[in-house]
1. Where a ≥ b ≥ c are the square roots of the eigenvalues of the C-alpha gyration tensor, would you call the protein assembly as shown rounded, which needs a/c under 1.5, or, failing that, prolate if a/b is larger than b/c, or oblate?
2. Among A:40, A:227, A:159, pick out the residue whose Cα is farthest towards the positive end of the charge dipole of the protein assembly as shown, where Lys and Arg carry +1 and Asp and Glu carry -1 on C-beta, about the Cα centre.
3. Once every Cα of segment A:1-146 carries one equal point scatterer and solvent is ignored, give the base-10 log of I(q)/I(0) from the Debye formula at q = 0.08, 0.20 Å⁻¹, two decimals.
4. Determine the dipole magnitude for the protein assembly as shown: charges of +1 sit on the beta-carbon of Lys and Arg, -1 on that of Asp and Glu, nothing else is charged, the reference point is the Cα centre, and the result goes in debye to the nearest 20.
5. Please report the carbon-and-sulfur percent of the accessible area for chain A; probe 1.4 Å, protein heavy atoms only, DNA, RNA and ligands left out.
6. Given labels modelled 7 Å from the Cα in the Cβ direction, how far is it in nm from residue B:32 to residue A:82?
7. According to a simple spin-label model (label point 7 Å from Cα along Cα-to-Cβ), what is the distance in nm between residue A:52 and residue A:219?
8. For the protein assembly as shown, what does -39500 (n - 2.57) per DSSP helix run (n ≥ 4), summed and divided by total residues, give at 222 nm, in deg cm²/dmol to the nearest 500?
Amino acid sequence: MTSTVAAPSRAASATRGDGWRTAARGLGQLLITAGVVILLFVAYELWFTGYYTEQQQHQLTNQIQQQWQGSGPDISSLAPDKVPLGSGVAVLYIPRFGRHYHFVVVEGTGFNDLQKGPGHYPGTALPGQVGNFAVAGHRTTYLHPFNKIATLRDHDVIVLETKTRWLTYTIENVPGTNIPWREIVAPTDVAVAYPVPDQPDAAKAPTRKLLTFTSCHPEYSARERYVIHAVLTESLPKSAGTFPTALLTPPPK
Amino acid sequence: MYVWIWRRLPGGVPGKLLGSLVLLAGVLALLFFLVFPWAETRLPLNDVTIDHPARTSSSTSPTPSPSGP
């Protein structure tokens, strides 16, 4: 009751100070909110994006299984650029990354393709073909298929499963060239994915069956690219019911 | 800002709490399903491919000449 009397005079004297206080409080809250939103974005990138990839991998697995059971040709007999973008190319196993590690490699390296899993550079060789089967994958975010790429070592194996074959690639220096099994290159260095890496000369026809991985480097950065090269060392028909020994024995410590 | 919203929410303290949670969920959904997916395409955080400088982050990738046979 007394407040109704006192209110006008107090309000008049305090308006200016209150205005500044409200503005300062508003600004403070805004800055805290911005900080929280940025932290949420980091959480989204690192963990939440994985749920999408998991879902997509589940779908791709079903699709590729159906494809394998169908009467279509094996992917290795197709022309390298005849695979529809976004479809499954092969199933990838890397024993160094753990017994349960497997991803369906998707065709395409666009942003949307790589959200689904590791992506095959269109136009490069398909699994088991002469040339270079080049694959890009996330090192962080989107289930980070190549998160542990830096733990791969010389002579580690990479296994691909296609409709009819188990293909084992062994990480090693690219034979016939002076390209090491592991490179860190500029993001513009497309030569690492050439049929014969670093040989732009088209006349130099490839003779070997290679595999190349690219991912970002350093981890959490996009400043450079981490590159791994491997050579096809074993090709087993699936019909024989045999598995590549690399999948049955753990990699050497 | 938050004080202003709190004052405006109806239904006493329980109602205000419930209203706050609903608002918070709405804002989070907006961020996670619209704002963040849009923002990440504009940030170079996810570049893992090698590409020609003129064509970075496009859907095309290096197309080294097709391999032999």
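The values are calculated or read from the model by the stated rules, or taken from the named source; none is laboratory data. What you see is a predicted model, and the numbers here were worked out from it, not measured in a lab. Counting neighbours? That spans all protein chains shown, and the Cβs are built from the backbone with ideal geometry, glycine included. Protein only, heavy atoms only, side chains kept; ligands, DNA and RNA dropped before computing areas. Shrake-Rupley method; radii C 1.70, N 1.55, O 1.52, S 1.80 Å.
1. Numbers: a/c = 3.28, a/b = 2.50, b/c = 1.31.
Prolate, because a/c is 1.5 or more and a/b exceeds b/c.
2. A:40
3. -0.42, -1.18
4. Charge dipole, the protein assembly as shown, about its Cα centre: 1220 debye, nearest 20.
5. On the way: 7570 of 12740 Å².
Ligands and nucleic acids excluded, carbon and sulfur give 59 percent.
6. With each label point 7 Å from Cα toward Cβ, the separation is 4.4 nm.
7. Simple spin-label model gives 2.3 nm for this pair.
8. Here the helix-only value at 222 nm equals -10500 deg cm²/dmol.
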